[in-house]
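Data first, discussion second: the structure below is written as structure tokens.
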Amino acid sequence: MKFPQFSMLPFLMAAVMLSLSGTTLSHPYWDFLHCLSLRLANYSTISKVIYVQNNPSYSSVLNASIHNTRFSTPATPKPFAIITPLKTSHVRSTLYCSKKHGFQLRIRSGGHDVEGLSYVSEVPFAILDLLNFRAIKVDTKNEVAWVQPGATLGELYYAIAAKTNTLAFPAGMCHTVGAGGHFSGGGYGTLFRKYGLAADNIIDARMIDVNGRILDRKSMGEDVFWAIRGGGGNTFGIVLAWKIKLVPVPAVVTVFTVNKNLEQNATKIFHRWQYIAHKLPDDLFMNVWITKVNSSQVGMKTVQATFRGMLLGGVDELITLIQDKFPELGLAEENCNEMSWIESVLYFGGLPLQSVDILLDKNALPIVSLKAKSDYVKEPIPESGIEGLMSMFLEEEADNAVAMIPAFGGKMDDIPENELPYPHRAGNLFEATYIVQWTKEENAESAKYISWSRRLYSYMTPYVSKSPREAYVNYRDLDLGINNNDYTSYEQASIWGSKYFKNNFKRLVQVKTKVDPMNFFRNEQSIPPLLSPWKKKGN
């Protein structure tokens with residue numbers, strides 16, 4: 001039965017070579033593709049799985065999942081090839097050939113990573129894009145679901161809502177985010193004060209390790225299962241599917257929005273919010289967005305604090321609660337809307353409420369260039385500090401900037417720091433993410449926007465966590481430190497690792513050392529092993 005397969009190989013290789021015309025066929029590029037083509041050994045499969053730079057579809061496949069146009073410029077390093085596996089054997093073949101020929105892989109499941117680490121590298125590389133791994137199987141009877149990493153959060157929410165309006169999943173608010181990266185970094189949204197992170201609600205996984213073995217929770221062991229739930233994406237293996245625990249929600253929830261600008265005492269109200277929000281019942285989610293907006297004075301700008309939230313309950317209960325605990329907000333019935341949980345996903349995602357089908361549209365939101373940084377705040381910021389923060393949003397570079405500030409507390413206070421790699425639990429009032437955006441056409445001026453984000457981050461230093469200054473791994477920030485292309489010491493990686501993981505970083509390194517000692521799965525901020533092949537060589 002093998003003879004016909006082998007007789008086709010010259011034609012398959014010719015097809016690959018034709019697509020590579022004008023491309024340098026040198027080691028390890030050619031060896032990697034040669035190896036992969038031999039293992040796939042079917043022209044129709046090769047044409048659907050391997051995209052090299054001269055392929056007419058290459059650019060569209062590359063750009064389809066890039067949600068930060070800062071990394072889609074002509075000067076951005078491009079992958080030699082993009083592999084879009086259709087089944088598990090294709091993933092294993094890609095892993096085998098990449099490992100055999102020393103060719104670096106970047107693994108992409110959504111493309112929302114803010115530093116582009118899943119699709120950009122300074123060394124020659126290929127992308128393993130899991131866009132075809134997007135199956136979702138919801139089991140309402142047992143209140144669980146299996147989710148493949150390429151599925152978006154919107155697709156997951158849609159699949160749950162198609163079967164029930166009283167179950168949900170506590171993950172993020174942006175519907176175009178890929179489940180793979182989001183879950184692997186922790187993942188929080190409107191339900192996290194009630195149920196914890198997305199990663200807190202993962203109960204099993206299916207993963208390929210560096211040796212090509214397919215593992216589940218039992219066979220990978222509790223150390224590895226611990227590490228992949230919050231330790232950062234694709235640094236321990238390639239997760240092919242997550243088993244998640246669904247959580248109960250009422251048929252009706254109540255959302256609200258109250259806007260306060262500087263002329264309406266936004267500074268004082270936000271100052272007061274810091275003392276209250278984290279103590280509110282865990283059925284209530286609240287966050288604040290700080291942005292620049294038009295002033296009532298023609299031609300002038302002001303800063304607005306947008307207080308938004310959701311109660312797992314009705315409007316009367318919400319108004320009574322807020323009037324009692326936070327009367328300064330001035331919440332009124334006209335600020336509130338009762339709706340289903342799935343409609344609240346649209347509401348917080350800035351989507352039209354007419355149809356939930358929009359959750360299946362990966363292009364429903366504008367694609368921009370951006371830089372993100374994050375902080376955790378443990379003590380209320382004084383009014384003078386908030387005034388300074390607000391004033392920075394009046395600067396020219398902040399026209400499209402936002403500080404997103406969700407209140408912590410609730411369930412997050414009950415989960416120990418070492419339960420998962422994500423350590424930012426009890427003691428945090430809120431997390432603050434600063435995002436500055438600009439258009440693709442302004443990429444030549446990106447330095448001024450990035451400089452503004454760094455100045456804002458520097459300004460916030462006295463008011464945020466210290467020793468270490470904590471950060472959220474799902475908002476990767478290469479300003480915190482990066483690995484070398486070859487050997488990275490524990491001490492060097494700890495500079496950024498302690499900020500994301502605190503004391504959990506040491507355990508993550510131990511797990512990495514056990515499962516990937518040669519550091520095959522790596523990027524600029526991947527967990528390094530304690531001893532690498534470069535160290536052994538004395539480099």
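The values are calculated or read from the model by the stated rules, or taken from the named source; none is laboratory data. No experiment lies behind these values; they were computed from the predicted model shown. Every residue, glycine as well, gets a Cβ built from its backbone with ideal geometry; the counts of neighbours run over all protein chains shown. Keep in mind that these areas ignore ligands, DNA and RNA; they rest on the heavy atoms of the full protein, side chains included. Shrake-Rupley method; radii C 1.70, N 1.55, O 1.52, S 1.80 Å.
Listing for the model above:
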read-out	value
Unpartnered cysteines - no second Cys beta carbon under 4.7 Å - across the chain	CYS174, CYS336
Three semi-axes of the equivalent ellipsoid, the stretch 46-190, Cα gyration tensor, whole Å, largest first	30, 17, 13
Cα principal axis extents for the stretch 136-248, largest first, Å	41, 24, 23
Distant-in-sequence amide H partners of ARG108 (H built 1.01 Å from N, under 5 Å)	LEU128, ASP129, LEU130
Convex hull volume per residue for the stretch 481-536, taking Cα atoms only, in Å³	64
Cα-derived Rg over Rh, computed across the stretch 420-539 with Rh taken as Kirkwood radius	1.03
Protein accessible area in the chain, 1.4 Å probe - carbon and sulfur %	52
Karplus 3J(HN,Hα) series, Hz, for the stretch 146-160 with 6.51 cos²θ - 1.76 cosθ + 1.60 (x for Gly, Pro)	9, 10, 7, x, x, 5, 7, 4, x, 5, 5, 4, 4, 5, 5
Radius of gyration and maximum dimension Dmax of the stretch 29-129, Cα, Å	12.9, 37
Surrounding net charge for ALA205, when Lys and Arg each add one and Asp and Glu each subtract one, Cβ distance under 10 Å	+2
Accessible surface, per residue, of the chain when the full set of protein chains is kept, probe 1.4 Å, Å²	40
Kirkwood Rh in Å, taken over the stretch 302-400 so that all alpha-carbon pairs contribute	17.2
Volume per residue that the Cα convex hull of the chain spans, once the total is divided by residue count, Å³	159
About the Cα centre, charge dipole magnitude for the chain (Lys/Arg +1, Asp/Glu -1 at Cβ), debye	2240
Relative contact order (%) - criterion: Cα under 8 Å, at least six apart; region: the chain	13
Shape parameters for the stretch 298-359, alpha-carbon atoms, Rg then Dmax in Å	14.5, 41
³J(HN,Hα) computed for each position of the stretch 259-275 - Karplus, 6.51 cos²θ - 1.76 cosθ + 1.60, integer Hz, glycine/proline x	9, 9, 9, 4, 6, 10, 6, 4, 4, 5, 5, 5, 4, 5, 3, 4, 7
Farthest positive-ward along the stretch 136-248 dipole, Cα basis, beta-carbon charges - from GLY212, PHE183, GLY154	GLY154
